[in-house]
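**Q** Can you keep this structure in mind? I'll have questions shortly.
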């Protein structure tokens, strides 16, 4: 069955979400059109407002509504000298829930993947290199996921820091191979964070 262009466009828009296939996208579209047009209007407005009002923090690259996000604006976090490198904003929330960390973050918004066209520039590693060179970081904590891309990213960042004064550490065991940081329970993540190990920089 062919849908009208407007309906098909709405369905296709839902399909960009992770885990949403054609049937789920159809159900979402029809639910909004048939039973919840008020909710649909609210969703459309919220999306438009978010797209126009949310930017990336100039220090850590996390989502923010100001030039500097709340974490990077907190003096005690900046003065700690600790920077935790994560792949996504969801990882920041997961680590914050553990209550084990009180430094600031650097959000890559992805992982190194040359085959997909994701290199150091796409991850903002030039900005991280500037912060390392300026001596703003005393400890760089690598919290990238334990995967091929995550390990490659961690290795690259470790190499970046070798000629600086920053020490580099990595989360301890307890994070499953191939798992996302944001999907790990806070207790396990907290233990991995507290037991992090320093990496020898040659």
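Values in this text are rule-based calculations from the coordinates and carry no lab data. Just so you know, these numbers come straight off a predicted model, no measurement behind them. Here Cβ is always computed from backbone atoms with ideal geometry, including for glycine, and neighbour counts include all displayed protein chains.
**Q** Using only Cα atoms and rounding to the nearest 10 degrees, what angle (0 to 90) does helix 148-161 make with the longest principal axis of the chain?
**A** With rounding to tens, the tilt is 40 degrees.
**Q** Tell me what the chain gives for mean residue ellipticity at 222 nm when only DSSP H runs of n ≥ 4 count, each as -39,500 (n - 2.57), the sum divided by the residue total, rounded to 500 deg cm²/dmol.
**A** Values: 8 runs with 88 residues, N = 202.
Counting only the DSSP helices, I get -13000 deg cm²/dmol.
**Q** When the Kirkwood radius is taken over all Cα pairs of segment 5-53, what Stokes-Einstein diffusion coefficient follows at 20 °C and 1.002 mPa s, in µm²/s? Could the numbers behind the result be given before it?
**A** Working: Rh = 11.3 Å.
Rounded to a whole number, D works out at 189 µm²/s.
**Q** Counting pairs of alpha carbon atoms under 8 Å apart in space and at least six apart in sequence, what relative contact order in percent does the chain give? Write down the numbers at each step before the final one.
**A** Numbers: 286 pairs, mean separation 31.4, N = 202.
About 16 percent, as a whole number.
**Q** Can you grab the distance from the C-alpha centre of segment 146-168 to the C-alpha centre of segment 13-81, Å, no decimals?
**A** 29
**Q** Using the number of other C-beta atoms within 10 angstrom as an exposure proxy, rank 97, 139 with the fewest first. Could the numbers behind the result be given before it?
**A** Working: 97 14, 139 17.
Lowest to highest Cβ neighbour count: 97, 139.
**Q** Run through the DSSP bridge list for the chain and note the antiparallel percent, rounded to the nearest 5.
**A** Details: 5 of 17 bridges.
Antiparallel bridges make up about 30 percent of those DSSP assigns within the chain.
**Q** Something else about it: Find, to one decimal place in angstroms, the Kirkwood hydrodynamic radius of segment 84-123, where the mean of 1/r is taken over every pair of different Cα atoms and then inverted. The partial results should precede the final answer.
**A** Working: mean 1/r = 0.0906 Å⁻¹.
Across segment 84-123, the inverse of the average 1/r is 11.0 Å.
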